[in-house]
1. What FRET efficiency comes out for ALA288 versus SER83 if R0 is 25 angstrom and r is the Cβ-Cβ distance? Round to the nearest 0.05.
2. Measuring from centroid to centroid over Cα atoms, what is the spacing of segment 107-144 and segment 198-239 in Å?
3. Testing the spin-label approximation: label points 7 Å from Cα along Cα→Cβ at ASP129 and THR92. State their distance in nm.
4. Once the other residues with Cβ under 13 Å from the Cβ of SER2 are scored (Lys, Arg +1; Asp, Glu -1), what is the net sum?
5. Filter the trypsin sites (Lys or Arg not before Pro) in segment 1-99 to those in DSSP coil with at most 14 other Cβ atoms within 10 Å of their Cβ, and list the result.
6. Give me the distance between the Cα centres of segment 1-66 and segment 345-377, rounded to whole Å.
7. Given contacts defined as C-alpha pairs under 8 Å and at least six residues apart, what's the relative contact order of segment 51-355, whole-number percent?
8. Quick check: net charge around ALA395, other residues with Cβ under 13 Å of its Cβ, Lys/Arg +1 and Asp/Glu -1?
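Only the coordinates and a few stated rules stand behind these numbers; no lab work does. For clarity, every value in this text was computed on a predicted model and none was experimentally measured. We place every Cβ from the backbone using ideal geometry, glycine too, and count neighbours over all the protein chains shown.
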Amino acid sequence: MSDYWCERAWLPSGIQAGVLVRVSAGAIVGVSAAEPPPDAHRLGGLVLPGFANAHSHAFHRALRGRTHAGGGTFWTWRTAMYSLAATLDPDTYHRLARAVYAEMAAAGVTCVGEFHYVHHPAGGGRYADPNAMGEALRQAAADAGIRITLLDTCYLAGGIGTPLAPEQQRFSDGTVEAWAARVGAQRDAPHARVGAAIHSVRAVPPADLPAVVDAAGQRPLHVHVSEQPAENEACLAAYGRTPTELLHEAGALTPRTTAVHATHLSAKDIQLLGGSGGGACLCPTTEADLADGIGPARELLDAGTPLSLGSDQHAVVDPLLEARALEHGERLRSGQRGRLAPAELVAALTNHASLGWPDAGRLEVGAPADLVALRLDSARTAGCLPAQVVLAATAADVHTVVASGRVVAVDGRHELLDDLGAVIEELWA
Ligand code: ZN
């Protein structure tokens, strides 16, 4: 038994002062008002539930600070991303990902959804273990002390009606059946769950969508949707439908589906998503960095679509900044303040259900013991009302992170973070 005493805690019933969280076998077994016991780990400030980073491509972290010269577009950025992907193997991917997940852990992330599509060797062939790259990511999360949902991604085409380009070959299993067989060989572990993903309507033809949905079964199913207007235009030209309409008709919008980005949606798309019971994962710092646009967060919530947040390409790994960017995007496009209440931002930050961990993301008995302690006395947060501090704090204010009952980072430090610069330099050498 290890106990954490919280000066203030963000409970389902609201913020409460003086809360003892009792932990056994990685889970919360008691939450009660109490004076600080002498042997409890004392967490000052405000303790929130652990954050879920619902959309990650770990290797994109190596592009940070290297794509800002010479202008360009999403599509020219993608070319740089492909050349980086070509350098990865299971060893380098493991070393890079564990440092990236360490960075996430230090920022308060206790579970990552890894949208994984770099499956096979560059230049063709298969690894001896065809899931070696996915295994590298699962191991990386274990090393960093956080949980992972490996969203194993089906990727079969280079674009609508376009064969795979040479640099995309390693993303593809060749057929949807081969993808499903490879995913089917993976098993859940205490820290890792298997999920599925449709890369996009660009990369999976409509005829193959139902087979992906079948293979996903009751697991989370994520899909990039309408990140760029060009995707909508190509989809409408080829099929006479938006990507959301196409996914709906293929049965791919279910309560287990998460539409990632959902930036350029029609009113009908928003209603289809809302009616499906699925969610949407917005990635505001990426959508700003890549000039994607601002997604309709308020309209999605009003249609009944729960939101989650992802750092996606990791130009920024700071869930609190991601949440603030969500609200700031809403303000910029609407001319109104307070479009999402602070509690709605915390709900998005802690949406682990989108990753297939429905019990996580709450400080209550039965949940994984994931705690993020925020300073209320830093230069950024001093004087803030605790209920509104998510609109002022950054990852620099996260002083202690507990994942599955274990302290994984303190004051922004994680033992695996030291490797990050060296492994990135090696990939670009
Ligand atoms: Zn993505």
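1. Step by step, r from the Cβ atoms, then E = 0.60.
2. Segment 107-144 and segment 198-239 have Cα centres separated by 21 Å.
3. Using points 7 Å along Cα→Cβ, the separation is 2.0 nm.
4. Here the count lands on +1.
5. ARG66
6. Using only Cα atoms, the two centres lie 8 Å from each other.
7. 20 percent
8. Value of the local net charge: -1.
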